[in-house]
Amino acid sequence: MPNRISNSTGIILAGGENTRMPVLKSFIKVKGRSIISRNLSILKGLFDRNFIVTNHPELYSRLRTPMLGDVYNVRGPMSGVFTALLNSPTEWIFVIACDMPFISRELILSMADLRGNHDAVMPKSPYSPFSKRGRKGDYSETLFAFYSRGLLPSMERDLCRGKRGLRDFLKGKRVKYINRKEALKTAGRERSFINLNTPADIERYLDLEDRLIFNNNRARRE
């Protein structure tokens, strides 16, 4: 397995309204480093080019990573994915959300090998205790995924029509979904899909030291 991924650009989507978390999710500390710094280190070790998609560049300028603002003023991650595809110098992009603290480098590498003639590559949701809405194992991880530039025309049409759901958009597209058997070959698979959306997630997924740091920062802001 190669150590770097060709013909692809790494993307962190740093959008969202952050309404359920009292601090900016991207900068929550895990093992002494912010989530976004940890993830940028992984992406920069895999991809020659990387971008942060955000409409608030003042928050991320310290990271010294090129930034992109949404092309269309449409709420939801599909606008960010479209912006990244439109500006990417490569045929593929790999997208993650800004609040995923445990992404797996090995899983990203294994997904890259499956791109082929597909339009997108993404895993199904992990099983209990990390399952999400819907049937266990049947929830596609659209924000831990590879997307091809071939999706640009149809994605733009949907955005212009006010549609913003990635899962609905991908219906009928050539998507390689990584099933349970394939994904479980890679260590750390379940933890790759953890999102820190609420203070309860902090208590559930972070260790004691990180929880204390979060709660101290939270108390200073209140």
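The values are calculated or read from the model by the stated rules, or taken from the named source; none is laboratory data. As the structure is a computational prediction, the values presented were derived from the model and not from experiment. For neighbour counting, all protein chains shown are included, and Cβ atoms are generated from backbone atoms with ideal geometry for every residue, glycine included.
General observations
- Of the residues in the stretch 16-24, at least one is out of contact with any helix residue (DSSP H, G or I) (no Cβ under 9 Å at 6 or more places or on another chain), under 28 Å from F214 (Cα atoms) and in a loop (DSSP other than H, G, I, E, B).
- Residue list for the stretch 31-57, restricted to those being at pLDDT 95 or above and in contact with an Asp or Glu (Cβ under 8 Å, 6 or more places away or on another chain): I35, V53
- The residues of the stretch 42-94 that are among the small types (G, A, S) and in contact (Cβ under 8 Å) with a residue 24 or more places away in the chain, listed by number, are G45, G76, S79, G80, A84, S88.
- Candidates T90, T83 - the one that is surrounded by fewer than 20 Cβ atoms within 10 Å (Cβ to Cβ), modelled with pLDDT of 95 or more and on the phi < 0 side of the Ramachandran plot: T90
- In the stretch 38-79, the residues that are part of a helix (DSSP H, G or I), more than 15 Å from the chain's Cα centre (by Cα) and of a type in the set (S, T, Y): S61
- Checklist (1) in contact with a strand residue (DSSP E or B) (Cβ under 6 Å, 6 or more places away or on another chain); (2) modelled with pLDDT of 95 or more applied to A112, failing item: (1)
- Any hit, the stretch 34-52, residues being within 16 Å of L151 (Cβ to Cβ) and surrounded by fewer than 16 Cβ atoms within 10 Å (Cβ to Cβ): no
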